[in-house]
Amino acid sequence: FSEMIISTSMPIMEMLRLLLLFTLSILATVTVSYSQSDFIVTMTSDTIYGEIDNTDYRGGIKEMIEFEFQNDKGKQKRKKYDAFDIKGFFLKGEFFQAKEINEGATDPSNGWRYIKIFAKKIVNGDLSLYLHEYTRYSNINFLPNVVDEKLYYYEKKNEKRIQSTLMNKKELTIYFSDCSTILSKIERKELAKDDPEQIAKLYNNVCGTNK
């Protein structure tokens, strides 16, 4: 913030007026920076602006976020959210959606539920592609090991859950049964099954509704 200098010979009313203007200018600056910051989307589709941190103390990417915001009473609050708590969040120019993946328990009557993750869409179309990133820590031979994971997921139009791109031949055949071009190109090694971005783009160009 800019520095304000007040002369000791200045009349009291003038000093108070300048102090008021200076305070208002600070509040305006804070409001502008706050309104342009990141936000979350709640389960009721409300948007709340604030500051988001998705890194741990070692700089790794966490699978949940910490969100600092101002509540209705003007007080600063800090809460943790995972993908079951909100629909998504906007951070550093990118939107991360809470997506349910086609993995996990399948018996809701026992209190089980599918896994949900935060992922950003990198290909849009009848076959969309999502990227989920996080940092995994482990020990190998008593030495710390840090792995930055990048997992990709397909999402077909109107499907409820996203599907991991790590599929075997049988799973690929079932998943892409509606697009023989994909299967034949993978079979002839003209398309790598571990190149999900090219697969998604080819699907949309050849087998999508807007081809």
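The values are calculated or read from the model by the stated rules, or taken from the named source; none is laboratory data. Predicted model, so just to flag it, every value in this text is computed and none were measured. Cβ sites come from the backbone with ideal geometry, for glycine too, and all protein chains shown count toward neighbours. Remember, those area values only see protein heavy atoms, side chains included, never the ligands or the DNA or RNA. Shrake-Rupley method; radii C 1.70, N 1.55, O 1.52, S 1.80 Å.
Kindly provide the set of residues from region 173-208 that are of a type outside the set (Gly, Ala, Ser), under 21 Å from ASN102 (Cα atoms) and open to solvent by 50 Å² or more (accessible area, probe 1.4 Å), ordered by number.
Across region 173-208, the qualifying residues are THR173, ILE174, ASP178, LYS193, ASP194, ASP195, GLU197.
Looking at the structure I just gave you, is LEU129 surrounded by 16 or more Cβ atoms within 10 Å (Cβ to Cβ), of a type in the set (A, V, I, L, M, F, W, C) and in contact (Cβ under 8 Å) with a residue 60 or more places away in the chain?
Taking the combined requirement at face value, the residue satisfies it.
Mind listing whichever residues of region 18-56 are in contact with a Phe, Trp or Tyr (Cβ under 6 Å, 6 or more places away or on another chain), open to solvent by less than 70 Å² (accessible area, probe 1.4 Å) and modelled with pLDDT of 90 or more?
Matches in region 18-56: ASP38, PHE39, ILE40, ILE48, GLY50, ILE52.
Picking from LYS116, LYS120, LYS156, LYS170, which residue would you name as being open to solvent by 80 Å² or more (accessible area, probe 1.4 Å) and either modelled with pLDDT of 95 or more or out of contact with any His (no Cβ under 8 Å at 6 or more places or on another chain) (or both)?
LYS170
For region 71-90, which residues satisfy the criterion of being in a loop (DSSP other than H, G, I, E, B) and open to solvent by 100 Å² or more (accessible area, probe 1.4 Å)?
ASP72, LYS73, LYS75
Is there a residue being part of a strand (DSSP E or B), closer than 30 Å to TYR57 by Cα and out of contact with any strand residue (DSSP E or B) (no Cβ under 8 Å at 6 or more places or on another chain) anywhere in region 121-141?
yes
Taking region 57-77, which residues are closer than 25 Å to ARG136 by Cβ and not acidic (Asp, Glu)?
The answer is TYR57, ARG58, GLY59, GLY60, ILE61, LYS62, MET64, ILE65, PHE67.
Within region 189-211, is there a residue that is among the β-branched types (Val, Ile, Thr) and assigned to a loop (DSSP other than H, G, I, E, B)?
Yes, the conditions are met somewhere in region 189-211.
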